[in-house]
Amino acid sequence: MRPVLAKSLLGLLSLLIGLFLILPTLFVVPMSFNGSSSLGLPTRNWTTHWYTTVFTSSQWGEAAWTSVQVGILTVLLATSLGTLIAVALARGTFRGRGVLQALVLSPMIIPVVVVAIGTYMNFVAWGLTGSVLGLALAHTVLALPFVVVAVSAAARQLDQTYELAAASLGARPRTVFRRITLPLLAPGVVAGALFAFVTSWDEVVVALFLSSPDVRTMPVLMWTQVRSQVSPELAAVGTLLVAVSMLSVVGLHLLRKDQNA
Amino acid sequence: MTTAAGTKAELEVVGLHKQFNGVPVVNDVSLTLRAGEFLTMLGPSGSGKTTTLRMIAGFEHPDRGEIRLRGQDLTALPVYERGIGMVFQNYALFPHLSALRNIAFPLEMRGVGRTEARRRAMSALEMVELGSQAKKLPKQLSGGQQQRVALARAIVFEPDILLMDEPLGALDKRLRETMQLEIMRITREVGATVVYVTHDQEEALVMSDRIAIYNQGRIEQIGTAQDLYERPTSLFVADFIGESNVLTGHAEPGNGVVRGATWVADVPSSATVTGSGPVSLVVRPEMLRIASGAAPEGRNRLEGRVQEAIYLGGVRKYTVRVADGSLLECRVPRTGTESVLDPGDEVTLSWHPDQVVLLPAAERAEPAERAEPADAGAAA
Amino acid sequence: MTAARETGARSATRAARFAARHGWLLVLLPGGLFLLIFFCYPLVTMAVRSLTDPGPQNYTEVATSPVFRQVLVTTLKTAGLTTLVCLALAYPYAYRMSRASARTTTVMMALVLLPFWSSLLVRTFSWTVLLQDTGLINKMLMALGVVDQPLQLIRTSLGVEVGMVHILLPYMVLPLYTAMRRIDPMLVPAAQSLGARPSRAFARVTVPLSMPGVYAGAVLVFVLSLGFYVTPSLLGGPKNTMLGEVIATQVTRFGFGIGSALGMVLLVVTLVTLGALTLLGRAGSLARERTP
């Protein structure tokens, strides 16, 4: 009887922890459809009013456009640089490999505030603050480790014999890369690109320092408004932010599943 | 692919040397293949056979030596220009391409048009009896089917040479036997010249025209299965191919005999003994005659006591402890009239002098082995 | 075989050898340069600013100010507590997940990964609404009659702690789960067949074998906690300010010097913690290997 009791207690505890993880994350969704402006729950009158407010507001529109631009630019930069680094790390034998790996991964560990102020001071001097390019460059630093991890995993699984086999069948090095290596790396690269986008899309600390009133991302605008007044409009924005992230992650999951099928 | 079978050398490997981190892996390997020949490299793992194969394919660069295909030196030619077919140990089928597109790959690399490449790939697929599996991805095929696709891919572009690196290692025993015959059928059908690597001696005996026995980076002996079994030139080969009993004694050139502690043997007529010194006599278990009871004095016989008697169906295997304490093995085919012995029986073992092989005693090639790396190091 | 062909082959071989020796450096060049300019150089700039803007006295001020010392203590305490609470919650969760059916594992993994990849700002925002005086939690507590007056939850250390645990829990669950999945599922039955009761088998087999995961998760959560900025500044009050917030305030309001010096303090504390914990972890695994 006791093991059974222990087992159901563990199950109950796990359920509660799972709810603690997910409920606050999804809490913005019902909040954003709440009819009253006081942000209380539960409610009986649902409304899409707050979404209308957000979609018709020019400042949210501009911020969303900035976020998308920064996200796409970050994806392009981080994916191309990260793929090269990951392939070299997975395949290459050269001195300083360990140091390079630590360097590439360290933006995951070094406090973002520290990276943010250092970047801010440089970008003020270089005139890169308040620009989409500046934001994307800074976000690329933060996104790079995720791309490298995702592509490295794919590159490690890529057996080198495939490339030898292709060469023995008459493929020149460039053809081998295009026809064999790249297609086999593709799932890792796509995963890395999605991670890079989500990293940029949600990032707020670095963006706070580098944004200007004209060029600011959605999280930055949300941050300034959260500090002044909490409104259901922000819940609508939050829902949009979370929805895009979750779509990316679910897309990634489906991609993996497809790969394994 | 060549149809002009003949005596001309198709592939020549001359004085190949290769070291990894200062350790010699391939040490002065030379061999010559005739067109259409099936040569197997056999040896324990780490003896250099796969490295030799990888140098022929172009995956490794030899430190010294030459590889010539119909007289043309391949050593400086990159892998993709050698036109050598290779079947890999784990097949190396491209996981993102269907069976048919895997086979069409080498044709496309050679500029064959898409439809023509597909047509020829399809006929290769049919030759390995997988015509119905064309659209499947490698992971949807069984191990044996993947093996066939790999073989079809390696021969579809009609390479001069086909290299196979333990291609059956991943298959179970039964499938392996089927595939051995299948590979022989197909390679004969296309007339391919094959270099095959395995560590399975039975596989080598079944498939090969000639076998090269590798040991510690060198070829110990190269010859037909019969050569190697009946006329081994070293104890390593005698031991590696089949089972053998080794008797150690001293040659007495004046008398034409070899004298052991408790026996005297005639020198086989095929051998000549020049100096007196330690020698080994190799006797295959099936060449030993066994009879119960002690025998009168004489040459080419030994007395002993049966230690173990094992019934193996077609043969009975006896392990006999002889006077000097060593164990000899003896196999008696079941004829219905053979005498049956039990453990503890006193017996006499005898042999015909021409059915033993005389070899220099347990030569350990250490000094030569040591000299080589230093030599190679100086050259590098 | 023509001479031209041979020459071509030779030069191709030479090129291949060059690529083999130097090729990786060329491949690494763009990424390496990028990291040097946009990751390493900012850290250098910060270090230089901390010493020159206006001078090294920045550090004297940081060292002598009771406010900054208090902030550092709060930061370390919060990080430590967050790590412990995360471990306490993540361990049973990861254990259950490692022993669940494939379908349950997928669901439990989704419950970890969806928050993990969702905006930290949005999740913190949810907590500000949940924890405010008129928020859901206070309303429920009052409806249940547990309290008469709304509790002060937001702008307290409790609020910060709840938010940070929520944000960082996935970083603890994932390494723990990875470590527990590596444990051969037959080991616990084996221990039981040798006479260990289930609890003893758990304590003697599962727990020691999960230690690498505990270690990796704890290091990760602690180090990440040290630099937190968004969550403490939205959920905390003036009494529980953390280092990250002070740095941001300094740089945006009072100039780069002190902010950079504090940034250096945070960087050094992070790296030292990481280094010390890594050494400790190695010593721990060594000790485990040597104990019979």
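Given a cut-off of 31 Å, name the pairs among B:173/B:317; A:257/B:135; B:18/B:139; B:136/B:173 whose C-alpha atoms lie farther apart than that in the structure shown.
Working: B:173/B:317 24 Å; A:257/B:135 21 Å; B:18/B:139 35 Å; B:136/B:173 25 Å.
Going by Cα-Cα distance, B:18/B:139 fall outside the 31 Å limit.
If you consider only alpha-carbon coordinates, what radius of gyration and Dmax does the stretch B:1-154 have, in Å?
Spelled out, the Cα radius of gyration and Dmax of the stretch B:1-154 are 17.4, 50 Å.
Going by a 1.4 Å probe on protein heavy atoms, which residues of the stretch A:1-31 end up with at least 50 Å² less accessible surface in the whole assembly than in their chain alone?
With the partner chains in place, the stretch A:1-31 has these residues losing at least 50 Å²: A:10, A:14, A:17, A:20, A:21, A:22, A:24, A:25, A:27.
Shielding by partners for B:353-361, please: the mean number of other protein chain Cβ atoms within 10 Å of each residue's Cβ.
On the way: counts 0, 0, 0, 0, 0, 0, 0, 0, 0.
Going residue by residue through B:353-361 and averaging, the value is 0.
Taking every residue in C:123-133, how many Cβ atoms of other protein chains lie within 10 Å of its Cβ, on average?
Whole-number average of other-chain Cβ neighbours for C:123-133 is 6.
How far is it, in nm, from the label point at residue C:197 to the one at residue A:157 when both lie 7 Å from their Cα along the line to the Cβ?
Using points 7 Å along Cα→Cβ, the separation is 4.4 nm.
Quick one: accessible area per residue over the protein assembly as shown, 1.4 Å probe, rounded to a whole number of Å²? Don't skip to the end; give the middle numbers.
On the way: 43450 Å² over 933 residues.
On a per-residue basis, the protein assembly as shown sits at 47 Å².
Once every Cα of the stretch C:162-292 carries one equal point scatterer and solvent is ignored, give the base-10 log of I(q)/I(0) from the Debye formula at q = 0.09, 0.10, 0.13, 0.19 Å⁻¹, two decimals.
Summing over Cα pairs of the stretch C:162-292 leads to -0.42, -0.50, -0.72, -1.09.
Using protein heavy atoms only (no ligands, DNA or RNA), what is the total accessible area buried between A and B, 1.4 Å probe, nearest 100 Å²?
Numbers: alone 15680 and 18350 Å², together 32170 Å².
Counting both chains, the buried surface is close to 1900 Å².
Based on DSSP H runs of at least 4 residues, each adding -39500 (n - 2.57), what is the mean residue ellipticity at 222 nm of the protein assembly as shown after dividing by all its residues, to the nearest 500 deg cm²/dmol? Don't skip to the end; give the middle numbers.
Values: 36 runs with 525 residues, N = 933.
The helix-only estimate for the protein assembly as shown comes to -18500 deg cm²/dmol at 222 nm.
Would you work out the Kirkwood radius for chain C? I mean one over the mean of 1/r across all pairs of different Cα atoms, in Å.
Numbers: mean 1/r = 0.0429 Å⁻¹.
The Cα-based Kirkwood calculation yields 23.3 Å.
Assuming R0 = 51 Å, what is the FRET efficiency of residue A:178 and residue B:250, from their Cβ-Cβ distance, to the nearest 0.05?
0.15
Viscosity 1.567 mPa s, temperature 4 °C: what is the translational diffusion coefficient of chain B from Stokes-Einstein with a Kirkwood Rh over Cα pairs, rounded to a whole number of µm²/s?
On the way: Rh = 23.6 Å.
D, rounded to a whole number, is 55 µm²/s.
Just to verify a number: FRET efficiency for residue C:65 and residue B:142, C-beta to C-beta distance, R0 = 60 Å, to 0.05? Spell out each step's value before the answer.
Values: r = 73 Å, r/R0 = 1.22.
Plugging the Cβ-Cβ distance into 1/(1 + (r/R0)^6) gives 0.25.
A plus C alone minus the pair: what accessible area, both sides summed, probe 1.4 Å, in Å² to 100?
In total, chains A and C hide about 6500 Å² from solvent.
Whole number please: convex hull volume per residue, Cα atoms of the stretch A:145-261, in Å³. Walk me through the numbers before you get to the answer.
Details: hull volume 14.8 nm³, N = 117.
Roughly 127 Å³ of hull volume per residue.
Give the shape of the stretch B:126-195 as rounded, prolate or oblate, defined through the alpha-carbon gyration tensor: a ≥ b ≥ c are the square roots of its eigenvalues, a/c under 1.5 means rounded, and otherwise the shape is prolate if a/b is larger than b/c and oblate if not. Could you put the intermediate results ahead of the total?
Details: a/c = 1.72, a/b = 1.20, b/c = 1.43.
Because a/c hits 1.5 or more and a/b fails to exceed b/c, the stretch B:126-195 counts as oblate.
What's the local net charge at residue C:230, with K and R +1, D and E -1, over the other residues with C-beta under 12 Å away? Spell out each step's value before the answer.
Numbers: positive: A:227, C:123; negative: A:202, A:203, C:245.
Taking every Cβ under 12 Å from that of residue C:230, the sum is -1.
Go through the stretch C:35-79 and flag every residue whose accessible area shrinks by 30 Å² or more with all protein chains in place compared to the isolated chain (probe 1.4 Å).
C:35, C:38, C:39, C:41, C:42, C:43, C:45, C:46
Ranked highest first by the average count of other Cβ atoms within 10 Å around their residues, in what order do B:50-59, A:63-72, A:119-128, B:291-300 fall? Walk me through the numbers before you get to the answer.
Numbers: B:50-59: 22.6, A:63-72: 20.7, A:119-128: 17.8, B:291-300: 11.3.
Put in order of decreasing packing, that is B:50-59, A:63-72, A:119-128, B:291-300.
Two decimals is fine: what is log10 I(q)/I(0) at q = 0.09 Å⁻¹ for the protein assembly as shown, from a Debye sum with one equal scatterer on every Cα and no solvent?
Values returned for q = 0.09 Å⁻¹ are -1.07.
With a 1.4 Å probe and all protein chains left in place, how much of the accessible area of the protein assembly as shown comes from carbon and sulfur atoms, in whole percent?
Accessible surface attributable to carbon and sulfur in the protein assembly as shown totals 59 percent.
Which whole-number percent gives the relative contact order of chain C, counting Cα pairs below 8 Å spaced six or more residues apart? Could the numbers behind the result be given before it?
Values: 277 pairs, mean separation 75.1, N = 292.
Worked out over chain C, it gives 26 percent.
How much FRET efficiency would the formula 1/(1 + (r/R0)^6) give for residue A:105 and residue A:256, where r is the Cβ-Cβ distance and R0 is 30 Å, rounded to 0.05?
Numbers: r = 22 Å, r/R0 = 0.73.
After rounding, the FRET efficiency stands at 0.85.
Using only atoms on other chains, find how many Cβ atoms lie within 10 Å of each Cβ of peptide B:90-98 and report the average. Don't jump to the answer; show the numbers that get you there.
On the way: counts 2, 2, 10, 3, 8, 8, 8, 3, 0.
Mean partner shielding for this stretch: 5.
Among A:53-59, B:265-271, A:21-27, how do they line up from the highest to the lowest mean number of other beta-carbon atoms within 10 Å? If you can, show how the numbers build up before the last one.
Values: A:53-59: 13.3, B:265-271: 15.9, A:21-27: 20.4.
Answer by packing, highest mean first, reads A:21-27, B:265-271, A:53-59.
Suppose we compare each residue of the stretch A:100-137 in its chain alone and in the full protein complex with a 1.4 Å probe; which ones drop by at least 40 Å² of accessible area?
The answer is A:103, A:109, A:110, A:111, A:113, A:114, A:117, A:121, A:122, A:126, A:137.
Could you let me know the centre-to-centre spacing of the stretch A:75-97 and the stretch C:93-135, using Cα atoms, in angstrom?
Centre-to-centre distance over Cα atoms comes out at 32 Å.
With contacts defined as alpha carbon pairs under 8 Å and 6 or more residues apart, what's the relative contact order of the stretch B:11-230 in percent?
Details: 420 pairs, mean separation 66.4, N = 220.
Contact order relative to length: 30 percent.
So how far apart, in nm, are the two label points at residue C:48 and residue B:9 if each is 7 Å from Cα heading toward Cβ?
Roughly 6.7 nm, to one decimal.
Could you check the simple spin-label distance between residue B:338 and residue C:211, using points 7 Å along Cα→Cβ, in nm with one decimal?
Each label point is offset 7 Å from its Cα along the Cβ direction, giving 6.1 nm.
Compare the Cα positions of C:109, C:86, C:128 along the charge dipole of the stretch C:53-205 (+1 at Cβ of Lys, Arg; -1 at Cβ of Asp, Glu; about the Cα centre) and return the one farthest towards the positive end.
C:109
What's the ranking of C:49-58, A:150-159 by average number of surrounding C-beta atoms within 10 Å, highest first? Mind showing how you got there, number by number?
On the way: C:49-58: 15.7, A:150-159: 19.4.
Listed from highest to lowest mean packing, they are A:150-159, C:49-58.
Under 12 Å from the Cβ of residue B:286, count the other residues' Cβ atoms, weight Lys and Arg +1, Asp and Glu -1, and hand me the total. Numbers along the way, then the final one.
On the way: positive: B:284, B:289, B:316, B:317, B:331; negative: B:230, B:243, B:329.
Around residue B:286, the surrounding residues sum to +2.
At q = 0.07, 0.12 Å⁻¹, what log₁₀ I(q)/I(0) does chain A have when each alpha carbon counts as one equal point scatterer in the Debye sum?
Computed log10 I(q)/I(0) values: -0.35, -0.89.
Pairing the Cα long axis of helix B:366-379 with the longest principal axis of chain B, what angle in degrees results, from 0 to 90 and rounded to the nearest 10?
30
Angle check, please: helix B:114-127 long axis (alpha carbons) against the longest principal axis of chain B (alpha carbons), in degrees 0 to 90, nearest 10.
In chain B, helix B:114-127 runs at an angle near 30 degrees to the longest axis.
For chain B, what is the relative contact order in percent, using Cα pairs closer than 8 Å and at least 6 residues apart in sequence?
Details: 763 pairs, mean separation 58.3, N = 380.
Once divided by the residue count of chain B, the mean separation gives 15 percent.
Give, to the nearest whole percent, the P(r) tail of the stretch B:243-365 beyond 20 angstrom, counting all Cα pairs. Write out the running numbers ahead of the final one.
On the way: 3157 of 7503 pairs.
In whole percent, the long-distance tail amounts to 42.
Given Cβ point charges of +1 (Lys, Arg) and -1 (Asp, Glu) and nothing else, what value in debye, to the nearest 20, does the dipole of the stretch C:53-290 about its Cα centre take?
On the way: 18 positive and 8 negative charges, 190 e Å.
It comes to approximately 920 debye.
Answer rounded, prolate or oblate for the stretch A:8-160, using the Cα gyration tensor with square roots of eigenvalues a ≥ b ≥ c: rounded when a/c is under 1.5, else prolate when a/b is larger than b/c, else oblate. Can you show the working numbers first?
Values: a/c = 2.55, a/b = 1.44, b/c = 1.77.
Note, shape of the stretch A:8-160 comes out oblate.
The values are calculated or read from the model by the stated rules, or taken from the named source; none is laboratory data. Everything numeric in this text was worked out from a predicted model, so none of it was measured. Here Cβ is always computed from backbone atoms with ideal geometry, including for glycine, and neighbour counts include all displayed protein chains. Side chains included, ligands, DNA and RNA excluded: accessible areas come from the protein's heavy atoms. Shrake-Rupley method; radii C 1.70, N 1.55, O 1.52, S 1.80 Å.
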